[in-house]
Each structure stands twice: as C-alpha cells, then as structure tokens.
1. In vacuum, with every alpha carbon of region 9-80 counted as one equal point scatterer, what does the Debye formula give for log10 I(q)/I(0) at q = 0.23 Å⁻¹? Two decimals, please.
2. If I model a spin label at residue 138 and residue 36 as a point 7 Å from the Cα along the Cα→Cβ vector, what separation in nanometres do I get?
3. Roughly how tilted is helix 133-149, in degrees to the nearest 10 and between 0 and 90, from the longest Cα axis of the chain?
4. Got a sec? How would 64, 148 order by Cβ neighbour count within 10 Å, fewest to most?
5. Could you state the angle between the C-alpha long axis of helix 73-85 and the longest principal axis of the C-alpha atoms of the chain, as a value from 0 to 90 degrees rounded to the nearest 10?
6. If neighbour count is taken as other Cβ atoms inside 10 Å, put 129, 101, 150, 83 in order from fewest to most.
7. With labels modelled as points extended 7 Å from the Cα through the Cβ direction, what inter-label distance (nm, one decimal) is found for residue 27 paired with residue 58?
8. So what's the angle, to the nearest 10 degrees on a 0 to 90 scale, between helix 107-128 and the longest Cα principal axis of the chain?
C-alpha cells in the first residue's frame, strides 16, 4: 500500500492553522499596542524589557537576562551598550564568578523603572481585564500546553 503525498492542498486544510494565525495576529496587535505606549515613555520594547526585568533585582548575568527577556542573545549586548551610554545600566563583575559580568540598573535606571513599569502595567491592565479570571487562567494553561508541545 502506498502512502499519499502530503500536498499543499492537504497542508492548507490543517485544523490548527486558525490557531496559529490567531496567535500571530494577537502577538502583532499586542506588540503594536505595547510598543506605542512604551515609545511614549521614551523606550524601545527591548529597553523596556531590560528595565522591567532588572527592576527590583541586584542585577543579573547576561545569560540570565537573556533567558528572562524576549531579547536574543545577539541583540542583548548592543541594547545594554546603548542603555549604558544613557546611564540606565552598568556592568559590574559578579562576586560569585569574576569571569561573569552582571547588568545592573543605575540609580537613574531604577528611577526610570519606578516610573515606567507601573505605568505600563496599568496601561495593559484594561486590555487583559477584559478576560474573566477563569478565562485568563484557561488561557495561561492552554498557552503553556502549546509551548510544552514545541
């Protein structure tokens, strides 16, 4: 018995494709909405990601920062370089491992974090609160399930 070829016509009929389109369109809408607000605060999305991740910490290694943000490792160094020039972050040697550098917010960066993080969370709150608590929990569960399948 021969197996039929999986053609583009078959592929186009996959029942999960609307899920993929919905995820992509939702992410694009979120990035546009979020980026517009973060831009009004004087930051790029990547800079906001770094500031909000480093806020309320004593600093992180570049490895940890890369794992906790949505920034690729290749882009992270350049972003930190630019933020360092603005006086928002500094590099310090790790006390645990002298070969490792930490990225830390400067006092100016901490002040910025205290201003922009709550402002952006409040801005996004109205959008996310359109879902009920059970809907938010279910969405988190389903997103985790999909991520784990990857």
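Readers should treat all values here as calculations from the given coordinates under stated rules, not as data from a laboratory. Keep in mind that what you see is a predicted model, and the values were worked out from it rather than measured. Virtual Cβ from ideal backbone geometry, glycine too; neighbours counted across all protein chains shown.
1. -1.01
2. Taking the two extended label points, one gets 2.8 nm.
3. 80 degrees
4. Values: 64 15, 148 7.
The fewest-first ordering by Cβ neighbours comes to 148, 64.
5. Result, in degrees: 30.
6. On the way: 129 10, 101 16, 150 4, 83 24.
Neighbour counts put them in this order, fewest first: 150, 129, 101, 83.
7. 3.5 nm
8. 30 degrees
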